[in-house]
Each structure stands twice: as structure tokens, then as C-alpha cells.
Amino acid sequence: MDRFLQQYFRPLLALGIVLNATGIFTQVFTGDSILYADIAKNMAQRNDWLNLFAYGKDWLDKPHFPFWMAAISFKIFGINAFAYKLPAFLFWLAGIYYTYKIAAKLYNNVVAKCAALVYVIALHGVISNFDVKAEPYLTTLIIAATYYILLAYREDKLSYILMAALFSGFAVMTKGIFVLLTIAGGLALYFILSRQWKEFFKVKWYLLIVLILVVIFPELYALYTQFDLHPEKVVFDKQNVSGIQFFLWDSQFGRFFNTGPIKGSGDNSFFLHTTLWAFLPWSVIFLFALLKGAKQLKLTGERWILYGAALLTFLIFSVSDFQLPHYIIILFPHFSIAVAAYLTALAKTQTARNLAIVQFVLFCLSLVFIILLSWLINNPGKYIVMAAGIIIAGVCFLFTVNKKDSLHKTMLYSFAFACVLYPFMNLYFYPFLMQYQAGMKAAQDVNLTQQRYEHAMDHYSTQYRFYADKEPVTLTNMRDVSAFLEKENPRIFITQPTLDSLRMMYTKFNILKAYNDFHVTKLSLNFLRDHTRKNTLNKCYIITSVK
């Protein structure tokens, strides 16, 4: 493996980065991604770095750090999809570096290089660079904080404590205080297992806690000024809501125990089967590493700082009542190092040959998948996409098939899987889905209007608002819609029910353009099928007054 990595590490790493980078040049996906982009746009436009607003009102859910990063990027590059995704992508790049660094400290440079290659093409990591939420930030902040905590354990240096506090504090300001379990839970578990009771009383760890509190002070201050100072504000349909209490308790323990204002329903096996697809193409190897590779992982000593944290976090996720697939991404550095440690210890064994076969099968399935999906959705250019996929697969196969070492084949077939699937996702399939983001398409059309205009929306569309060059008005009832049509050169983004109501009221208007709309984060087979898709679509419109 060492000789292979000396030859291929840099080219494969660069290839993995390029595959991920294809996602940052696409538009912002609907759901949480466009919501977060809209919140950051609000922040940048208002120059208000303390208050978070969404849907035209105060918003209390996630901490500020990702919005600060996106808003700063908007200030530099303008308000657009690329500017929203860029800082998250840069953080993700830093995550590769820290995954490498901590693997090198716990194992060696061979494992570290292998871990970086595993991490760079993990499926849900690639998705998170397209569908950007908080995870690219959070994953890097957690593994970086863990790295500096490891260094601080080994050596009493103030700089290590300062860096650990900085990254830990930023992580808390990204997701909440539960992230400290993922950062330091493994360290505490290691102290207990190794009976290092005196470590719990060392001054440096209490200094770390104090410094984390200092780092998160801006978050606490922002929440205090927006909510605690204003008990009259209505949040979660009630008044007297404390932003600080929500941040420290309700958003974390409230979700875990399902007692907070934001609830979910959990399944203890959810993250087990989520990992099987989210960590492709490495998930089968990861299972081998867990079930058969205890000796290869050499789960002793300081490695508990890493793997203990992953174990605790996975258990907490599994028993929680609030579960979403992207939560698992924060453990990808841990998983990647486990896979790398397992692979580099296999050498020329039957297991290594079996894993090469598994990765070859996954590679073949990726080609079958893109061909079938291209045929199913029947989007223009499908034959070009199929041909491109076959050509890429053929080149990858010819490059790999004559390699004699099974581990080399395992790595190369895994990257072949990525080369076939990820360009298809980011450059063809996701852009196809974007056609059905009506708010985005409508705003882009309205932006092309040459003459002066006033525009509005009959519901708060985060898509429409983010992509609109001018601030739209939100109309809350039919009377407001009718009144807005009296303005000079109006443009109103409306849904089908509003259009039907206007017709029932005999209100005069012109339809400038109609749009197909679908909630593309909730895909269905009927939507994907070309001949049944129209039955799943909703209609939205841009209307204007009759001259």
C-alpha cells in the first residue's frame, strides 16, 4: 500500500476534490439549504450579524456560525449560489487535512494518506458539498478540535488548548453543545478505561472549558439580545422564550428526549442502514473493519479518543428521537480512519481479494444505476450521459484491471465508482431536479425584467426570495394580492390555489409564465418516471396586472 500511495495519493486526492467541486457550481437545493442561504442573505443585506430572520420573522433553531461564514462570503462575492457554497467547501477541504493529521498521529503516514482518500469520496460527504447545510463546517470543526485535544493530552502546550477551544467553540456555535460529546467524549472514555483518574483534575482541561465559553460568548450575546431581551416576541407560538435556554437545553436535550419545541420520531436502526448508503463506496469495507478487523484497528490507547467518540456519538444518535441522514456525516473522518487502518493491515490476504471484488461490483452497479436513472427520467441529453458514463467506466476498468495487488484494485475501483456516479449526480441529475424549483426559476425570470417593477409572493418562498435581486413583498391574504395588482407593473409569484381564488373573484390579471414545482428533496418513483411525472407536479405562476 505504501508504494501505491506514493504513486497515486496526490492524483487521487486531486481527483476526489475535483469531483466534490462540481457541486459548488450548481444552484442551491431546496429545503434547509435554501433556507440557510436565505437567512445568510438577510444577514448580509441588513448588516445585522446578531439577529436571525426566516419567513419574515425572528428565527430560533440553529446557531449563527454557518450563517456568519455564508454572509461574509456574500459580502465578498455577491449574493449567489457559489458564494453560499464556497466557505463550506473550504471548510470541507480543511477537514481532509485534519483527518490526515490525526490519522498520522494515531497510526502512521500510510494510514493517514489512505484515510484522506477514503474521506474525500464518501457519498454523503459529496452530497453535502452540493446540498450545503451545516455539516461541512461541523465535520471539520469536530475533527480539528479532536486533533488538538489529542495534542494537548500528549503535551502541555497552551497553543494546543487555545486551538482546541477555538475549534470546539466554533463547533458549538454551529450545532450546539452536544458536539462536545463527539469532540471530548472519547477522551473521557479513554481516561476511564485506562484508569487515568488524575487526568480529570488537570488544570488544562478546565482552562479548555473556560476558553470554550469565551469563544461562544458572541452566540450567547446574540441570542440574549434577540430573544431574552424581548419576552414579547412570539416564538414557537408562545412568548417569554429564552434564546439562551433553547441553545443550551431545548435544541439539544429537548430533541434527544423529544420534549423540545422541535420534535421527531426515531428508529434505533436508522443510522445503521443510513451508514450503508451514506458511506458508499466504503460501507462494506467499514462493516468488515468493525466485525472482522478489531486486530487491524488496534483499538488501544489513545485511539479511544477517536473511536470512543465515534461510538458514543453513534449510540446517542441511534437512541435519539430526532434523526436525519446528514447527521452521520460528522463521523466520516472517524469512519475513514477505521477503514484506512483496516485496509493497510490486510496485505495480500483472501479478504483483500474479496474486498476488491466487492468494490468492483459496486463500480459496476454505479454504471447500471446512472444508465437506468437516465432512462427513467428521460431528460434531454440522456444518451450522451449514458455514453459518457460507459466511456468513463471503461477507462477506469482498463486502468485498474491489470493491477496485481488486491488492495490497489480496491482503492481504484472505489474511485472508479466515484468517477461514474458523482459527475452524473452533480452535473446532470441535480440540474434536472432544479427545473422543478419553481421559486428559483420564477425569480430568475423576474430578475430579467427591463422596466421598473414591484414584485411580491403569495407565500414566503425561500427559493424566490433568495434568488430575487429585489426584496419581494410577502402577501398574506387575497385582499393583499388584489391590492398589489393595482401597482404599476407588478409581478406576483403565486401558487395554483391563489390563481383559482383570483379567478373566482373575477380579478383581472395576466399570466406571464407558468412553472412546474415539486419538492425535490422528497423524490418518488412517480416523479422520476417521465410518463407519470406530470401527475406529481404543482403549478406556480408569475402574474401581472391587465394594462
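What follows is calculated from the coordinates using simple rules that are stated; it is not laboratory data. Keep in mind that this is a model prediction, so the values were computed, not measured. Here Cβ is always computed from backbone atoms with ideal geometry, including for glycine, and neighbour counts include all displayed protein chains.
If you place +1 on the Cβ of every Lys and Arg, -1 on the Cβ of every Asp and Glu, and leave all else neutral, what size is the dipole of the range 2-345 about its Cα centre, to the nearest 20 Debye? Write down the numbers at each step before the final one.
Working: 27 positive and 19 negative charges, 216 e Å.
Around 1040 debye, computed over the range 2-345.
Taking θ = phi - 60°, what integer Hz values does the Karplus form 6.51 cos²θ - 1.76 cosθ + 1.60 yield along the range 498-513, in sequence order, with x for Gly and Pro?
3J(HN,Hα) across the range 498-513, in whole Hz: 5, 4, 4, 5, 4, 5, 5, 8, 6, 6, 8, 7, 10, 8, 7, 6.
Test of understanding: what is the full-extension gain from residue 109 to residue 524, defined as 0.36 nm times their sequence separation minus their Cα-Cα distance? List each step's numbers first, then the result.
Values: separation 415, 0.36 × 415 = 149.40 nm, distance 4.43 nm.
My answer for the length gained is 145.0 nm.
With θ set to phi - 60° and the Karplus curve 6.51 cos²θ - 1.76 cosθ + 1.60, what are the ³J(HN,Hα) couplings of the range 389-397 in order, to the nearest whole Hz, using x for Gly and Pro?
In residue order, the calculated couplings are x, 5, 5, 4, 4, x, 4, 4, 5 Hz.
Give the long-range amide H neighbours of residue 473: residues separated by 5 or more places, or on another chain, with amide H under 5 Å away, using H modelled in the peptide plane at 1.01 Å from N.
455, 456, 457
Counting only DSSP beta bridges with both residues in the chain, what percent are antiparallel, rounded to the nearest 5?
Working: 14 of 20 bridges.
In the chain, DSSP labels about 70 percent of beta bridges as antiparallel.
When ranked by the protection proxy of mean other Cβ atoms within 10 Å per residue, highest first, what sequence do the peptides 31-40, 222-231 form? Don't skip to the end; give the middle numbers.
Numbers: 31-40: 22.8, 222-231: 16.9.
By packing density, highest mean first, the sequence is 31-40, 222-231.
What lysines sit close enough to residue 404 to cross-link, taking a C-alpha to C-alpha distance under 18 Å and skipping anything fewer than 8 places away on the same chain?
Counting by Cα, and skipping residues close in sequence, residue 404 has these lysines nearby: 348.
Could you work out how far helix 2-21 tilts from the main Cα principal axis of the chain, as a 0 to 90 degree angle to the nearest 10?
10 degrees
Which of the lysines could a cross-linker span from residue 470 if the Cα-Cα distance has to be under 21 Å and same-chain partners fewer than 8 positions apart are dropped?
41, 57, 75, 441, 487, 513
Specify the angular offset, from 0 to 90 degrees and rounded to the nearest 10, of the alpha carbon long axis of helix 179-193 from the longest principal axis of the alpha carbons in the chain.
Value to nearest ten degrees: 20.
State the percent of C-alpha pairs, over all pairs in the range 351-430, separated by a distance greater than 20 angstrom.
Details: 1002 of 3160 pairs.
Roughly 32 percent, rounded to a whole number.
Roughly what would the spin-label model give for residue 369 and residue 154, points 7 Å off Cα along C-beta, in nm?
That separation, rounded to one decimal, is 3.7 nm.
Please work out the FRET efficiency for the pair residue 61 and residue 471, using the Cβ-Cβ distance as r and a Förster radius of 30 Å; give the result to the nearest 0.05.
FRET efficiency, residue 61 to residue 471: 0.85.
Ranked by Cβ crowding within 10 angstrom, fewest neighbours first, how are 232, 155 ordered? Walk me through the numbers on the way to the answer.
Numbers: 232 6, 155 9.
Going from sparsest to densest Cβ surroundings: 232, 155.
With r defined as the distance between the Cβ atoms of residue 207 and residue 324 and R0 fixed at 51 Å, what FRET efficiency is calculated, to the nearest 0.05? If you can, show how the numbers build up before the last one.
Values: r = 34 Å, r/R0 = 0.68.
Computed FRET efficiency for residue 207 and residue 324 comes out at 0.90.
Taking R0 as 51 Å, what FRET efficiency do you get between residue 195 and residue 229 from their Cβ-Cβ distance, rounded to the nearest 0.05? Please report the intermediate quantities before stating the final value.
On the way: r = 48 Å, r/R0 = 0.93.
Taking R0 as 51 Å, the efficiency between residue 195 and residue 229 is 0.60.
Just want the ordering: 271, 236, from fewest to most Cβ atoms lying within 10 Å of their own Cβ.
Numbers: 271 23, 236 13.
Least crowded to most crowded, the residues run 236, 271.
By how many degrees, 0 to 90 and rounded to 10, does the Cα axis of helix 135-154 deviate from the longest principal axis of the chain?
Between helix and principal axis, roughly 30 degrees.
Run the numbers for residue 244 and residue 512: contour at 0.36 nm per residue of separation, minus the present Cα-Cα distance, in nm.
Details: separation 268, 0.36 × 268 = 96.48 nm, distance 4.66 nm.
Gain on extension, residue 244 to residue 512, equals 91.8 nm.
For the range 438-544, give me the percentage of DSSP beta bridges that are antiparallel, rounded to the nearest 5 percent. Intermediate values should be presented prior to the final figure.
On the way: 11 of 17 bridges.
That works out to approximately 65 percent antiparallel.
Test of understanding: ordering 52, 213 by Cβ neighbours within 10 Å, fewest first, what list do you get? Don't skip to the end; give the middle numbers.
Numbers: 52 22, 213 13.
Ordered from fewest to most neighbouring Cβ atoms within 10 Å, 52, 213 come out as 213, 52.
Per residue, what volume in Å³ does the Cα convex hull of the chain take up?
On the way: hull volume 90.0 nm³, N = 547.
Each residue corresponds to 165 Å³ of Cα convex hull volume.
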